[in-house]
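Asks: Here you go, one structure.
Please treat every number below as a calculation from the coordinates, not as lab data. For clarity, every value in this text was computed on a predicted model and none was experimentally measured. Methodologically, a virtual Cβ is constructed for each residue, glycine included, from the backbone with ideal geometry; neighbour enumeration extends over all protein chains shown.
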Amino acid sequence: MADTSAHEAILYEKRDDGAVQCRVCPRLCVIKPGRRGTCRARENRDGTLVALVYDRVCSVAADPVEKKPLFHFFPGSLVLSLGTLGCNFTCGHCQNWQIAHAEAGPNTIRELRELPASKLPVLADHNDCAGVAWTYNEPTIWIEYVIDGARVAHEHGLYTVMVTNGYITQEGLDAVAPHLDAYRVDVKGFSDDLYRRLCKVADFAPVLASAERALHVHGCHVEIVTNVIPTLNDDEEQLRAIADWIVARLGAKTPWHVTRFMPYLEFSHLPATPVKTLERAQAIGFEAGLEFVYIGNVPGHAGENTVCPNCRRLVARRTGYAVQDLALRDGHCAMCGWDLNVRERVKQPPDGS
């Protein structure tokens, strides 16, 4: 089996003392020889930064795109979903901590499945998938594979999705976003204190900046998710700040998903989010001017459905991840013609790709 751990990383600088500085995420890790960055997936080998998990996957599935969640992007389609080991956050409530917090050691890497980027279109076709998503753990940490895989996917007419925490440098985003159709980003709260406590990073400004740039500079379809956690980010001030930011910087048609937190890991002492709290968050979003605010992780709730903001008719009924009664015409309401900001076209590959 090929030693894919020898794949040289992109976006780093070599230093005179043998250390390297990674420029993919805002941590800007300075990594000494033989050591790894915070994400545990990038290692300094004799002054060369290598991507340890390039084309090595631990999770592969054909998921409904609604599971990402993406509700206004190729609705009802299946997406080939890929994950590996590592993350540049260390969230205390991570539902995928077994892979996100894992160490990519030599034995572990050998146990992972090797999935060359060139094979993704065939695998997608065999599973009736319309696109490829990098998800489950943070895609930024294997950005080289995302770029290579997204290029191949576009060449075969597949859409591409990055499900991300948004913590990426402008340089990193500009390397990957030209090859992405959708950028689904978590906005976990609206204060540096929250991000320090929850994610162990100093500030959240890069998250907002990446979402804005993905939309306005690179033309990605953007949807925002906030997992509403009791006592941490469920206060009106933070929720209203998120909603106001989405309206002002991303636009009123940007979908916002407010999802139910379930007790886990460091925050297992907290209760599950009351449904009334989620309904209040949804109301805050509508009051701010958002046209589409969804309640997540509450199966069967009417807040999963899409209602046309203009004629108030049901456009998409959802039961779990299944989409029914889809009343769309070219991304618009089939009844009144209102623009619903639904993307159903694959981005043209950038020049020189």
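Asks: Return the lysines within reach of Lys188: Cα separation strictly under 17 angstrom, same-chain partners fewer than 8 residues apart disregarded; answer none if there are no such residues.
Replies: Within the straight-line limit of under 17 Å, Lys188 reaches these lysines: Lys68, Lys200.
Asks: Moving on to the next point. Treating cross-link reach as a plain straight distance, find the aspartates and glutamates whose alpha-carbon is under 19 Å from the alpha-carbon of Lys14, omitting any fewer than eight places away in the same chain.
Replies: Glu43, Asp46, Glu144, Glu171
Asks: Among the aspartates and glutamates, which have Cα under 13 Å from the Cα of Lys67 when same-chain residues fewer than 8 positions away are ignored?
Replies: Glu223, Glu304
Asks: Can I ask one more? Which of Tyr136, Tyr167, Tyr12 moves most in a GNM of the chain, Cα contacts under 10 Å?
Replies: Ranking Tyr136, Tyr167, Tyr12 by mean-square fluctuation puts Tyr12 first.
Asks: Can you compute 3J(HN,Hα) from phi for each residue in the range 281-294, using the Karplus curve 6.51 cos²θ - 1.76 cosθ + 1.60 with θ = phi - 60°, rounded to whole Hz and x for Gly and Pro?
Replies: 4, 4, 4, 4, x, 5, 4, 6, x, 5, 8, 9, 10, 10
Asks: GNM, the chain, Cα, under 10 Å: largest mean-square fluctuation among Ala41, Ala272, Ala117?
Replies: Evaluated over the chain, the most mobile residue of the options is Ala272.
Asks: Let me ask you something else. Which of Arg15, Arg36 has the fewest other C-beta atoms within 10 Å, and how do the rest follow up to the most?
Replies: Arranged by neighbour count, lowest to highest, Arg15, Arg36 become Arg15, Arg36.
Asks: Calculate how many DSSP beta bridges within the chain are antiparallel, expressed in % of all such bridges and rounded to the nearest 5.
Replies: If we restrict to bridges inside the chain, about 50 percent are antiparallel.
Asks: Could I get the Rg over Rh figure for the chain? Both from C-alpha atoms, Rh via Kirkwood, rounded to two places.
Replies: Taking Rg over the Kirkwood Rh, I get 0.96.
Asks: Looking at the calculated P(r) for the range 143-200, what percent of the C-alpha pair distances fall above 17 Å?
Replies: Counting every Cα pair in the range 143-200, those more than 17 Å apart make up 45 percent.
Asks: Any idea how far the Cα center of the range 31-95 sits from the one of the range 200-277, in Å?
Replies: 20
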